[in-house]
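Trainee: Right, I'll just put the structure down here and ask away after.
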Amino acid sequence: MKVAVLVKHVPDTETRIQVKPGDKKINEEGVTYIISPFDEFAMEEALLLRERLGDVQITAVALGPQKATEALRTCLALGADDAILVSDPAFEGADAYVTAKALAAALKGGNYDLILAGKQAVDDDAAYVGTAVAEFLDLPVINLVTKLEVNKAAGTAVAARDLDGYSQVIEVKLPAVFTAQKGLNNPRLPALMGIMKAKKKEIRTLNAQALGLAPNELGAEGAKVEVKEMFVPSKARKNKVLTGAPAETAPELVKLLAEEAKVL
Amino acid sequence: MAKDIWAFIEARDGKPRKISLEAIGKAKELAGARGVKLGAVVIGADAGAAAAEVAKYGPDVVYAAEDAKLKDYSTEPYARVLGDLVKEHSPAVVVFGVSILAKDLAARLAARLGASLAGDVVGLEGDGELVATRPVYAGKAQTKVGFKGEPVFLTIRPNVFPAATPDGKTAEVVKVSPKFEDKDFRVQVKETIIPKKERVDVLEADIIVSGGRGMKAPENYAIIEKLADQLGAAVGASRAAVDAGWRPYSDQVGQTGKVVGPNLYVACGISGAIQHLVGMSSSKVIVAINKDPDAPIFKVCDYGIVGDLFEVVPAVTEEVRKRKG
């Protein structure tokens with residue numbers, strides 16, 4: 001079986017985000033990058049599928065600048081067989097729609113049985129790319145998967161997925177796209193042996209031309225949504241912190257909540 | 001003729017959900033500013049009942065797509081129905097209330113129609129050019145985005161925009177007969193699992209009481225639950241508590257959990273790691289209870305108590321009980 005895992009290289013969730021006045025993107029100075037946490041669940045699930053099913057070829061795919069190869073290198077260290085970086089300066093200004101178009105083009109013809117991705121990337125939080133890739137490849141998508149079982153012989157998968165306050169068990173004929181929710185698995189860390197092996201594995205780079213994308217489909221021109229402004233919001237808080245015995249602070253707090261904040 | 005503004009209505013037990021009334025409220029405001037008609041769309045196996053209810057909330061027309069095949073939510077049949085309606089009537093904007101279902105549906109259909117999609121919208125300027133404000137990096141930053149073509153799909157955050165109220169009129173309900181294609185049913189819903197829950201989900205709650213690492217053990221959440229019971233609140237948890245296996249991941253508030261915005265958020269034994277803070281920073285009022293006076297959570301709270309949560313939380317519970325009589 002062939003499995004593609006879509007990963008995005010994003011700022012660490014512990015990072016304090018800063019934006020220079022007038023900029024439309026974050027200040028990248030001093031920011032460390034990681035694989036988006038939900039994509040780690042997707043990668044782990046690919047590895048678990050291989051452990052359960054045996055013959056599973058894993059390809060990690062990322063769209064981003066050259067630096068995003070770090071995310072792919074980590075996937076290779078974890079056990080991906082090969083990796084594809086979709087990268088072109090022409091993607092500057094791309095939105096999630098363009099990103100999905102380009103990723104779909106990179107995946108097309110790859111005969112993947114499963115395409116796995118995180119439910120959303122923790123930078124733009126769009127929760128769009130996995131679903132849009134499915135649409136562009138005319139595949140079904142099952143989002144927010146917390147359990148996945150593949151029946152290789154039948155060419156089907158059964159997945160549990162979260163919905164609003166309930167969940168569904170879903171059966172689908174492969175190929176299909178699945179996006180991972182927390183709870184699917186517990187991602188492992190790369191082992192030293194894997195890191196050494198990863199250095200020898202190939203990362204192919206595909207640019208816009210190789211993907212057969214027209215200039216008007218790329219970057220800001222192809223985008224459906226344009227970022228006009230980015231800023232760090234601030235909300236003034238009251239910061240009334242009470243100290244003392246609970247017999248005094250508890251009634252005082254409840255009084256403030258009822259009479260000052262009026263939330264009780 | 002200027003194009004209509006629509007709201008997508010999610011129904012539960014034959015009634016529109018609160019987020020859908022917020023969607024219709026926002027759509028109504030936009031339609032009013034532009035002097036265009038307001039449409040509402042209800043899709044489901046029992047769409048008719050919810051459509052009759054929604055008709056009282058101010059739309060000019062309600063489309064009700066009812067079909068037994070729409071009983072369980074599945075992306076593609078719903079996208080087929082809404083997509084066909086959008087193609088037929090060409091609304092300028094479709095407003096959805098944020099939910100897992102709405103995000104799933106809006107994404108699939110936006111890709112299919114080449115619609116301009118902005119999710120989790122918390123601000124909207126619509127009198128001239130449409131500009132939406134939406135959080136990124138879990139709310140550590142926000143962007144203002146413009147749109148390059150119609151239709152525009154917006155999913156709006158719950159508890160941000162006021163819900164529509166009945167306006168004394170009743171709109172016409174137009175019944176729609178869905179036309180499906182075989183491939184809409186590539187996915188088969190085998191089972192629906194509704195967990196036995198005495199409490200609302202954190203995403204839907206007006207009040208949330210959360211516990212973190214300071215809870216020390218899973219059984220200690222009983223004191224959090226008692227306070228939540230008194231307040232009619234949902235119970236949340238920090239990533240530390242979820243990763244320790246004390247609470248289910250569905251309770252996690254934070255950048256890799258749920259981003260919430262209740263009226264009142266009570267953080268107990270949560271120090272305030274940035275990945276948690278961003279998940280609850282849009283709460284209207286934040287309360288922190290922690291024994292460490294230097295915990296970062298106190299810098300972002302409205303009210304705080306420095307003290308042992310095992311003493312403070314039961315004392316607060318008792319005070320709430322007394323006040324509520």
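The values are calculated or read from the model by the stated rules, or taken from the named source; none is laboratory data. As the structure is a prediction and not an experimental result, all values here were calculated from the model. Cβ coordinates were reconstructed from backbone atoms using ideal geometry, including for glycine residues, and neighbour counts include every protein chain displayed. What goes into the accessible areas is simple: the full protein's heavy atoms, side chains included, and nothing from ligands, DNA or RNA. Shrake-Rupley method; radii C 1.70, N 1.55, O 1.52, S 1.80 Å.
Trainee: What percent do you get for the relative contact order of chain B when only Cα pairs under 8 Å and 6+ apart count? Show your work: numbers first, answer last.
Mentor: Values: 704 pairs, mean separation 46.4, N = 325.
Over chain B, the number comes to 14 percent.
Trainee: Further, regarding this structure: Quick check: the angle from helix A:96-107's long axis to the longest principal axis of chain A, C-alpha only, nearest 10 degrees?
Mentor: 30
Trainee: Does chain A come out rounded, prolate or oblate by the C-alpha gyration tensor, with a ≥ b ≥ c the root eigenvalues, rounded set by a/c under 1.5 and, if not, prolate when a/b is larger than b/c and oblate if not?
Mentor: Details: a/c = 1.93, a/b = 1.48, b/c = 1.30.
Judged from the Cα gyration tensor, chain A comes out prolate (a/c at least 1.5, a/b above b/c).
Trainee: Right, something else. Going by a ≥ b ≥ c, the root eigenvalues of the Cα gyration tensor, does the stretch A:151-194 fall in the rounded group (a/c under 1.5), the prolate group (a/b larger than b/c) or the oblate group?
Mentor: Values: a/c = 3.27, a/b = 1.34, b/c = 2.44.
The shape class here is oblate.
Trainee: At q = 0.05, 0.07, 0.08 Å⁻¹, work out log10 I(q)/I(0) for the protein assembly as shown with the Debye formula, treating every Cα as an identical point scatterer and leaving solvent out; two decimals please.
Mentor: Computed log10 I(q)/I(0) values: -0.21, -0.42, -0.56.
Trainee: Kindly report, to the nearest 10 Å², the accessible surface of A:Arg188 as traced by a 1.4 Å probe over protein heavy atoms only.
Mentor: Answer for A:Arg188: close to 90 Å² accessible.
Trainee: Let me ask something additional. I'd like the interface area for chains A and B: accessible area of each alone minus the complex, both sides summed, 1.4 Å probe, protein heavy atoms only. What is it in Å² to the nearest 100? If you can, show how the numbers build up before the last one.
Mentor: Details: alone 15330 and 16120 Å², together 24240 Å².
Counting both chains, the buried surface is close to 7200 Å².
Trainee: A further question on this structure: Per-residue accessible area for B:Arg186 at 1.4 Å probe radius, Å² rounded to 10?
Mentor: 60
Trainee: Would you check the accessible area of B:Arg321, probe 1.4 Å, heavy atoms only, in square angstrom rounded to 10?
Mentor: Accessible area of B:Arg321: about 110 Å².
Trainee: Give the separation of the Cα centroids, the stretch B:43-75 to the stretch B:87-108, in Å.
Mentor: Value for the Cα centre distance between the two parts: 14 Å.
Trainee: Here's something else I'd like to know. Over chain A, what relative contact order in percent results from Cα pairs under 8 Å that are six or more residues apart? Before the final figure, lay out each step's value.
Mentor: Working: 508 pairs, mean separation 63.5, N = 264.
Taking the mean separation of contacting Cα pairs over the length of chain A, I get 24 percent.
Trainee: Then there's this: Could you give the size of the charge dipole of the protein assembly as shown about its Cα centre, using +1 on the Cβ of each K and R and -1 on the Cβ of each D and E, expressed in debye and rounded to the nearest 20?
Mentor: Working: 76 positive and 78 negative charges, 60 e Å.
My answer is approximately 300 debye.
Trainee: Strictly over 28 Å apart at the Cα level, which of B:Lys148/B:Lys183; B:Lys18/B:Lys226; B:Lys26/B:Lys196; A:Lys25/A:Lys67; A:Lys262/B:Lys103; B:Lys103/B:Lys144 would you flag in this model? Don't skip to the answer; put the middle values down first.
Mentor: Details: B:Lys148/B:Lys183 30 Å; B:Lys18/B:Lys226 26 Å; B:Lys26/B:Lys196 33 Å; A:Lys25/A:Lys67 17 Å; A:Lys262/B:Lys103 32 Å; B:Lys103/B:Lys144 19 Å.
In this structure, B:Lys148/B:Lys183; B:Lys26/B:Lys196; A:Lys262/B:Lys103 exceed 28 Å between Cα atoms.
Trainee: What is the distance in Å between the Cα centroid of the stretch A:9-71 and that of the stretch B:201-241?
Mentor: 31
Trainee: With every protein chain present, what is the per residue accessible area of the stretch B:169-285 (1.4 Å probe, Å²)? Present the calculation step by step, with values, prior to reporting the outcome.
Mentor: Values: 5360 Å² over 117 residues.
Here the per-residue accessible area is 46 Å².
Trainee: Under a 1.4 angstrom probe, counting protein chains only, how are B:Trp6, B:Trp246 ranked by accessible area, largest first? Don't skip to the end; give the middle numbers.
Mentor: Numbers: B:Trp6 0, B:Trp246 55 Å².
The ordering from most to least exposed comes out as B:Trp246, B:Trp6.
Trainee: Between helix B:100-113 and chain B, what is the angle of the helix's C-alpha long axis to the longest principal axis, kept within 0 to 90° and rounded to the nearest 10?
Mentor: Helix B:100-113 sits at roughly 40 degrees to that axis.
Trainee: Okay, next question. Would you mind giving the mean number of other chain beta-carbons within 10 Å of the Cβ of each residue in B:313-325, as a whole number?
Mentor: Working: counts 2, 2, 9, 7, 2, 4, 12, 6, 1, 2, 6, 3, 0.
That average works out to 4.
Trainee: Can I ask one more? Please identify the longest segment of chain A free of exposed GluC sites (Glu not before Pro), where exposed means a DSSP state other than H, G, I, E or B and no more than 14 other Cβ atoms within 10 Å.
Mentor: Values: sites that count: A:Glu14, A:Glu28, A:Glu29, A:Glu92, A:Glu202.
It runs A:93-201.
Trainee: Something else about it: Got a sec? Charge dipole of chain B, +1 on Cβ for Lys and Arg, -1 for Asp and Glu; which of B:Ile208, B:Ala240, B:Val36 is way out at the positive end?
Mentor: The residue sitting most towards the positive pole is B:Ala240.
Trainee: Where in chain B is the longest stretch that carries no GluC sites (Glu not before Pro) classed as loop by DSSP and with at most 13 other Cβ atoms within 10 Å?
Mentor: Numbers: sites that count: B:Glu129, B:Glu181, B:Glu198.
In short, B:1-128.
Trainee: Name the residues whose placed amide hydrogens come within less than 5 Å of the amide hydrogen of A:Leu174, ignoring near sequence neighbours (fewer than 5 apart) on the same chain.
Mentor: A:Thr156, A:Ala157
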